[in-house]
Amino acid sequence: MSDAPLVTPPANDLLLRALRGEVVERPPVWMLRQAGRYLPEYRAVRAKSDFLTMCRTPELAVEVTLQPLDLVGVDAAIIFSDILVVPEAMGMHLTLDEGVGPQFPSPVRTMADLDRLRAVDPEDSLKYMLDGIRLARREINGRVPLIGFAGSPWTLAAYMIEGKGTKQFAVAKKMLFEQPALAHALLDKLATAVGDFLVAQIKAGAQVVQPFESWAGALGPEEYRTFALPYMAKAASRVRGMGVPLIAFCPGGGWALREIAEATQADAVGVDWHATPQHARAMCAGMNVAMQGNLDPCALYAPPAEIRRRTHDMIAAFGPLGHIANLGHGILPDVPVAHARAFVDAVKEWRWTEEALAAASASSGAHAQLVGV
């Protein structure tokens, strides 16, 4: 029997239908980091509170979570938080100063450091985020789906070992080569914590979940297959049977899209802007997996007409089946709001031809549905 919560589908369920592999008249659209500094309304909230306080205060988190729905017109909300709340819940002291970025003053470098990390009970140490999800679901009131997320184990470990974000994560990678047993023990503990956290978010009301492997690109193929992918897969395995789709996003790991899809059994894989839609589709040929992406975030600096052209080219290249329009990474803080809206509007005005829909419907099976919006 499934542990999935009973959930009433949102009025705009385009994202959920696309993730189920149904044929839709246009792709759903949302943006990574869509609740962020490019919005003046976000900056107004941020001016009165520090970032971590916003994450830990459900009312503030939900306020900025909802802003893109009305201001930009996206088809889904993603709960406002940060990937590093999991290491913090494990007992690590996290600081996040303006202009400095996240830091762990006491990084994990030894087995004794690892032993000090506590197991995570999401309803205790991460209750504020779960409360935010519950509140967000009430405030969204069935308009669009709500996405939950977590950092993937390797990415969290990279910050925890390094103590901060760096360009190469050389200290973290050094552990992989010098102390692989310690690295595996840390990653295994994180996989359990991340998986449990995603499950708790689903039980709180998240209708889609997405683990982020933000630093997949820091690893070569052998190290990625040894230290990253198995632990993302372990975290993802805890979500199976919950009745909620999972999107696996590994920027910098586009060469491994098929391996990611196979290992995680994800409903969709995120595609960054380094891969063409055609190449991403070819890599996953024969698999029932949707694609999310992949406009270069810097393309939003272009004039609106050029944004529209590039967006339409992207949609056409991915094709009508199993595509979620998004950026290839997070929206940048100095992108004009009008340009973000131009991207969303370009997706929302798209309509596939009857011939393309019929061909996609035939390829997806007799039970594919055409979805009006």
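The values are calculated or read from the model by the stated rules, or taken from the named source; none is laboratory data. All values derive from a computational prediction rather than experimental measurement. Positions of Cβ are backbone-derived with ideal geometry, glycine not excepted, and every protein chain shown enters the neighbour counts. Side chains are part of the model used for accessible areas, which takes the heavy atoms of the whole protein and leaves out ligands, DNA and RNA. Shrake-Rupley method; radii C 1.70, N 1.55, O 1.52, S 1.80 Å.
Points worth noting:
- The lysine pair tally for the range 113-216, using Cα distances under 21 Å and a gap of 8 or more places or different chains, is 7.
- When restricted to Cα atoms, the range 107-191 yields an Rg and a Dmax of 16.6, 51 Å, respectively.
- Of the GluC sites (Glu not before Pro) in the range 217-278, not one is in a loop by DSSP (not H, G, I, E or B) with at most 13 other beta carbons within 10 Å.
- Compared with the dominant Cα axis of the chain, that is its longest principal axis, helix 354-364 is turned about 50°.
- For the range 71-83, 3J(HN,Hα) per residue [Karplus equation, 6.51 cos²θ - 1.76 cosθ + 1.60, θ = phi - 60°, Hz, x = Gly/Pro]: 7, 10, x, 5, 8, 7, 9, 10, 4, 6, 6, 9, 5
- Distant-in-sequence amide H partners of Leu32 (H built 1.01 Å from N, under 5 Å): Leu327, Ile331
- Correct option for mean projected area of the Cα convex hull in nm² [calculated from the coordinates] among (1) 17.4; (2) 18.9; (3) 20.0: (1)
- Under 5 Å, built H, 5+ apart or other chain: amide partners of Phe149: Gln210
- Between Glu41 and Asp334, the simple label model (points 7 Å from Cα in the Cβ direction) yields a spacing of 2.5 nm.
- Above 14 Å, the calculated P(r) of the range 213-287 contains 57 percent of its Cα-Cα pairs.
- Percent antiparallel among DSSP beta bridges (both partners in the chain, rounded to 5): 20
- Burial order of peptide ranges 153-160, 59-66 (average beta-carbon count within 10 Å, highest first): 153-160, 59-66
- Amide H contacts for Lys164 (H built 1.01 Å from N in the peptide plane; partners 5 or more residues away or on another chain; cut-off under 5 Å): Phe104.
- For the range 235-373, the gyration tensor built on C-alpha atoms gives an oblate shape. Its axis ratio a/c (a ≥ b ≥ c) is at least 1.5, and a/b is not larger than b/c.
- Couplings 3J(HN,Hα) for the range 170-179, derived from phi with the Karplus relation 6.51 cos²θ - 1.76 cosθ + 1.60 (θ = phi - 60°), are 5, 5, 5, 5, 4, 4, 4, 8, 8, 10 Hz, where x marks Gly and Pro.
- Cα gyration tensor, the range 1-133 - rounded (a/c under 1.5), prolate or oblate: oblate
- Extents of the range 167-249, largest first, come to 41, 22, 18 Å (Cα atoms, principal axes, whole angstrom).
- Computed [θ] at 222 nm, helices only, for the chain once each DSSP H run of length n ≥ 4 contributes -39500 (n - 2.57): -13000 deg cm²/dmol
- Note that the range 207-222 has calculated 3J(HN,Hα) couplings of 9, 8, 10, 9, x, 9, 9, 4, 10, 4, x, 7, 10, x, x, 5 Hz, one per residue in order, obtained from phi through the Karplus relation 6.51 cos²θ - 1.76 cosθ + 1.60 (θ = phi - 60°); glycine and proline are x.
- For the chain, built as a Gaussian network whose Cα springs stay under 10 Å, the top-fluctuating residue of Val171, Val108, Val120: Val171
- Length released on extending from Asp113 to Ala282, taking residue separation times 0.36 nm less the Cα-Cα span: 56.5 nm
- Carbon + sulfur, % of accessible area of the range 1-144 - ligands and nucleic acids excluded, 1.4 Å: 50
- Computed from the Cβ-Cβ distance with R0 of 45 Å, the FRET efficiency linking Arg351 to Ser237 stands at 0.75.
- Rounded, prolate or oblate (a/c below 1.5 giving rounded, otherwise prolate when a/b exceeds b/c) for the range 18-92 by Cα gyration tensor: oblate
- Positive-pole candidate from Ala35, Pro58, Asn12, dipole of the range 1-87, charges at beta carbon: Ala35
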